[in-house]
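*Asks:* The structure follows.
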Amino acid sequence: MNTLLEVVNYVLGLGPSVMLPILIFIVGLIFRVSPAKALRSGLTIGIGFVGINLVVGLLSSNLAPAAQQMVDRFGLSLTAIDAGWPAAAAGAWAATTIAAPMIPLAIAVNLIMIALNLTKTLNIDIWNFWHFISIAAVTYFITGNWLFSMFMGVVREVICLIVADKTAPMVEEFYGLEGVSIATGSTVGVGLLGMPIGWLIARIPGIKDIHVDPDTIQEKFGIFGEPMMMGIIIGIVIGILAGYDVAQITQLAISLGAVMFLMPRMVKILMEGLIPISEAAREFMKSRFKGRDLYIGLDAALTVGHPANISTGLLLVPITIGLAFIIPGNIVLPFGDLATIPFYVAFIVGSRKGNILHSVLTGTVVMALMLLMSSNMAPVHTQLLGGVGDWAYGHTGIQYVTSLDLGGNPVAWVLYRIAEAVRGLF
């Protein structure tokens, strides 16, 4: 089992920039794309992901210190630290008896569902399979039953595939990602909770008629409404809240402006490589299964480049920190996953057709609930990571380690509560 896990970890350790070209090349050959064209598509997609990761890294490296400063400045002192998705993923992969078999099982389940016409999504976002592994590992810690734990991991995968199918038309229409679906566990879970809340908020008198999207802002404010300038303005606001000096505020503002400017261009490069494979997959399905279509399941990073999405995500950073102060029952100090909020709200923003006001209001409600869920899941999350260890990032008084990505994910939390409810049966 350990040998299998080592092999899996080695392959996944290559990262999406290496894995994607290989997977896309293989998928292209399966769908009868010429080797040269499949190779070109795979390499172009890999290069696109390199660009996306560079921009996401720019966002994280600048936003995380600002968030830390806001937390320290406002004296936020709580007993559980949000260590972020890397901590949750590390804990999931460390559960060797779960992690190693979950990867081939998840692939097999996906292929069986496609064969039985239960899904249209061919999910090649393999490195995000850790979302399935994590809930399986949590279930194993609670129940000690291996088969039931694997079943719970599969349940989460099936939910992700079904939601990916249902949201694919919205992903194509709003984000312009033709033939793509998003099955990322964090995006799916938050979307399932957030889309109905957004639907309700969009019907509140006095709010429902207010439409604030990037195009409207640019039309009314000219250059100051362009995505680049929106990033700069949001960076200035976050820098001021963090107590930065003028130089630090300027650096943060320019960095966030660069993120808003560069991300759409990186996504465009990736889509340039994906379109030939997507078209070939559709033709393949139509020629063999009349009336059927196929989506390529990819990372939610593709949606982050939309100005409405990243604007909503950045605005929710100080809001989430403020919520941690005032929500009764919250024990979580938000930190590690603050830079990941644009991934969480992708379906919310898309379902609200880019209305930033409605998306931020929806996101505020959702982030409040996520803080409470991650507070509730903090003890078992800490157990998953083997204790607090170094995850507290120097904060004092920390008793638990959790994350918004796993602990605050609505689907993961519901499955966790189910595992708690049935633990006496094993």
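Rule-based calculations on the coordinates, nothing more; no lab input. The structure presented is a predicted model; accordingly, all values stated were derived computationally and were not measured. Note: ideal-geometry Cβ built from the backbone for every residue, glycine included; neighbour counts use all protein chains shown.
*Asks:* List, in order, the whole-Hz ³J(HN,Hα) value for each residue of segment 347-358 obtained from phi through the Karplus relation with A = 6.51, B = -1.76, C = 1.60 and θ = phi - 60°; use x for Gly and Pro.
*Replies:* These are the phi-based 3J(HN,Hα) values: 6, 4, 5, x, 5, 8, 6, x, 6, 5, 4, 4 Hz.
*Asks:* Mind listing the phi-derived Karplus ³J(HN,Hα) values for segment 254-265, rounded to whole Hz, using 6.51, -1.76 and 1.60 with θ = phi - 60°, and x for any glycine or proline?
*Replies:* So the Karplus estimates, Gly and Pro as x, are 5, 5, 5, x, 5, 4, 5, 7, 7, 4, x, 6 Hz.
*Asks:* Can you divide the C-alpha Rg of segment 225-358 by 2.2 N^0.38 Å and report the result to two decimal places?
*Replies:* 1.33
*Asks:* Here's something else I'd like to know. Let me check I've understood the local charge: for M230, count other residues with C-beta under 12 angstrom from its C-beta, Lys and Arg +1, Asp and Glu -1. What total comes out?
*Replies:* -3
*Asks:* Next question, about the same structure. Could you tell me the center-to-center distance, by alpha carbons, between segment 290-333 and segment 176-213 in angstrom?
*Replies:* Taking the Cα centre of each part, segment 290-333 and segment 176-213 sit 10 Å apart.
*Asks:* What number of lysine-lysine pairs in the chain show an alpha-carbon separation below 17 angstrom, given a sequence spacing of 8 or more or placement on distinct chains?
*Replies:* 5
*Asks:* May I pose another question? Among L59, L105, L415, which one moves the most in a GNM of the chain with springs linking Cα atoms closer than 10 Å?
*Replies:* L105
*Asks:* So if I take the centroid of the Cα atoms in segment 31-97 and the same for segment 349-372, what is the distance between those two points in Å?
*Replies:* That distance is 21 Å.
*Asks:* What residues qualify as long-range amide H neighbours of V180, i.e. H under 5 Å apart, gap of 5 or more or another chain, H built at 1.01 Å from N?
*Replies:* Amide H neighbours of V180, under 5 Å, 5+ apart: I296.
*Asks:* Normalised by the residues of the chain, what does the relative contact order come to in percent, with Cα pairs under 8 Å and at least six apart?
*Replies:* Computed over the chain, the figure is 27 percent.
*Asks:* A follow-up question, please. What does the highest-first list of 163-170, 324-331 look like by mean Cβ count within 10 Å?
*Replies:* 163-170, 324-331
*Asks:* Expressed as a fraction of 2.2 N^0.38 Å, the rule-of-thumb size for a compact globular protein of N residues, what is the C-alpha radius of gyration of segment 2-425?
*Replies:* 0.96
*Asks:* With the calculation restricted to Cα positions, what are the radius of gyration and Dmax of segment 282-415 in angstrom?
*Replies:* Answer for segment 282-415, Rg first and Dmax second: 18.0, 62 Å.
*Asks:* Right, next: Shape of segment 106-226 from its Cα gyration tensor (a ≥ b ≥ c, root eigenvalues): rounded if a/c is under 1.5, otherwise prolate when a/b > b/c, or oblate?
*Replies:* prolate
*Asks:* Could you please report the charge total around S287, scoring K, R as +1 and D, E as -1 over all other residues with beta-carbon less than 15 angstrom from its beta-carbon?
*Replies:* Summing Lys and Arg as +1 and Asp and Glu as -1 gives +3.
*Asks:* Under a point-charge model restricted to the Cβ atoms of Lys and Arg (+1) and Asp and Glu (-1), what is the dipole moment magnitude of the chain relative to its Cα centre, in debye to the nearest 20?
*Replies:* So the dipole magnitude of the chain works out to roughly 880 debye.
*Asks:* While we're on this one: Among the trypsin sites (Lys or Arg not before Pro) in segment 25-78, which ones are in a DSSP loop with at most 16 other Cβ atoms within 10 Å of the Cβ? Mind listing them?
*Replies:* R32
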